[in-house]
Amino acid sequence: MNTFKSFETKLYTLNDQSFSDIALELFRFQASENPIYRAFIENLSTRVGEVRTLEQIPFLPISFFKHEVIKTGKWQEETVFTSSGTTTTRASRHAVQNLQFYLQHAQKNFEWFFGPVTDYNFLALLPSYLEREGSSLIAMMDSFVKESHTPYSGFYLKNTEKLLKDLEVLRFDKRRKTILWGVSFALLDLAENHSLDLSPFMIFETGGMKGRRKEITRKALHDKLTNALQISEMYSEYGMTELLSQAYTKGGHRFYTPPWMKVIGRDLTDPFHKGLQNETAGINVIDLANWHSIAFIETEDLGKVYEGGSFEVLGRLDNSDIRGCNLLIE
């Protein structure tokens with residue numbers, strides 16, 4: 001019998017071969033125990049027992065998080081993550097059963113790509129996130145700051161002078177690498193207002209412009225920042241309120257997923273036609289860490305999925321709200 005504990009046990013032992021089997025098990029579990037998802041599936045007249053591939057799984061539109069409490073089973077949330085939203089759009093709300101699991105999982109996710117957090121200083125330049133409550137990114141970064149166990153890790157809201165001084169000191173740190181993790185508009189402000197050489201550091205961008213600037217493509221953003229900051233490459237994080245896992249770029253524009261996460265392209269005119277590769281498509285995400293909420297999400301992001309599972313984000317689908325979780329558009 002599948003339980004939350006059984007899915008947690010399987011999460012970090014799966015591989016490419018077992019991913020589909022575990023995802024299908026979780027699909028059947030959530031189709032039974034998640035009332036919102038169950039009603040959605042019934043409305044589609046989908047026969048759960050006939051779903052045998054990942055592409056056949058119905059993906060719940062992400063907009064449901066704006067209007068419903070998405071829970072598998074009955075439990076009391078420890079916290080609720082909220083999206084930034086705007087004055088004209090409703091924020092998404094993701095009830096989280098266990099905050100400590102999310103923090104440990106986010107760290108394991110980061111370390112899958114980049115190694116132990118204790119190898120880094122984390123300098124967080126995330127003004128728009130710090131100025132509101134309920135940000136999953138702030139919770140993650142606060143955990144990274146604490147777990148890195150270095151006095152130089154921390155948040156910089158409006159104290160640019162201290163940020164520049166700390167960067168100058170850390171330029172000569174031979175023991176740790178330094179990551180400057182910033183929301184896109186704040187990194188552009190920094191680059192335009194100061195003459196900087198940040199070539200010794202890793203620069204992570206996230207979050208878009210948050211209404212502070214005109215949205216631009218990721219390529220245009222990266223071109224501006226690499227030139228202005230004298231760095232060879234940028235890093236990006238693909239995460240959102242509705243997901244407990246994150247994808248990362250390794251330099252360049254393609255995102256890569258950890259073993260417990262998979263992206264599937266869907267046809268832009270037929271959301272039931274899934275599995276598209278090497279062409280512009282809507283992005284569907286399977287996040288097996290979302291066993292308490294919903295693991296199968298139809299996002300409003302536009303992108304390309306490539307053989308091997310990497311993907312690009314090209315922008316937002318028409319009529320979607322501009323939320324800005326590292327999703328940059330023309």
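Let me test this: with uniform point scatterers at the alpha carbons of the chain, what is the Debye-based log₁₀ I(q)/I(0) at q = 0.14, 0.15 1/Å? Summing over Cα pairs of the chain leads to -1.13, -1.29. Peptides 220-231, 137-148 ranked from most to least packed, by the mean per-residue count of other Cβ atoms within 10 Å: 137-148, 220-231.
Rounded to the nearest 20 debye, the dipole magnitude of the stretch 1-57 is 140 debye, with +1 charges on Lys and Arg beta carbons, -1 on Asp and Glu beta carbons, and the Cα centre as origin.
Helix 218-229 and the longest principal axis of the Cα set of the chain meet at an angle near 20°. In summary, the convex hull built on the alpha carbon positions of the stretch 1-155 has an orientation-averaged projected area of 11.3 nm². Summary of packing: across the peptides 89-102, 249-262, the per-residue average of other C-beta atoms within 10 Å ranks them, highest first, as 249-262, 89-102.
Would you calculate a helix-derived [θ] at 222 nm for the chain, using -39,500 (n - 2.57) for each DSSP H run of n ≥ 4 and dividing by the full residue count, to the nearest 500?
It lands at -9500 deg cm²/dmol.
If both residues of a DSSP beta bridge must be in the chain, then about 60% of such bridges are antiparallel. Peptides 4-15, 274-285, 32-43 ordered by packing proxy, namely the average of other Cβ atoms within 10 Å per residue, highest first: 274-285, 32-43, 4-15.
Averaged over its residues, the chain has an accessible area of 45 Å² per residue, based on protein heavy atoms and a 1.4 Å probe.
For the chain, which whole-number percentage of the solvent-accessible area (1.4 Å probe, protein heavy atoms only) is attributable to carbon and sulfur atoms?
Carbon and sulfur: 47 percent of the exposed surface of the chain.
Let me spell out the model: positive unit charges on the Cβ of Lys and Arg, negative unit charges on the Cβ of Asp and Glu, origin at the Cα centre of the stretch 26-157. What dipole size does that give, in debye rounded to 20?
Numbers: 12 positive and 13 negative charges, 84 e Å.
About 400 debye.
Using Cα atoms only, what is the angle between the long axis of helix 99-114 and the major principal axis of the chain, expressed in degrees (0 to 90) to the nearest 10? Computed tilt is about 70 degrees. The charge dipole of the chain, taken about the Cα centre with unit charges on the Cβ atoms of Lys, Arg (+1) and Asp, Glu (-1), comes to about 440 debye, rounded to the nearest 20.
The values are calculated or read from the model by the stated rules, or taken from the named source; none is laboratory data. Quick caveat: nothing in here was measured; it's all calculated off a predicted structure. Note that each Cβ is placed from the backbone with ideal geometry, even for glycine, and that neighbours are counted across all protein chains shown. Ligands, DNA and RNA are excluded from the accessible area calculation, which covers all protein heavy atoms including side chains. Shrake-Rupley method; radii C 1.70, N 1.55, O 1.52, S 1.80 Å.
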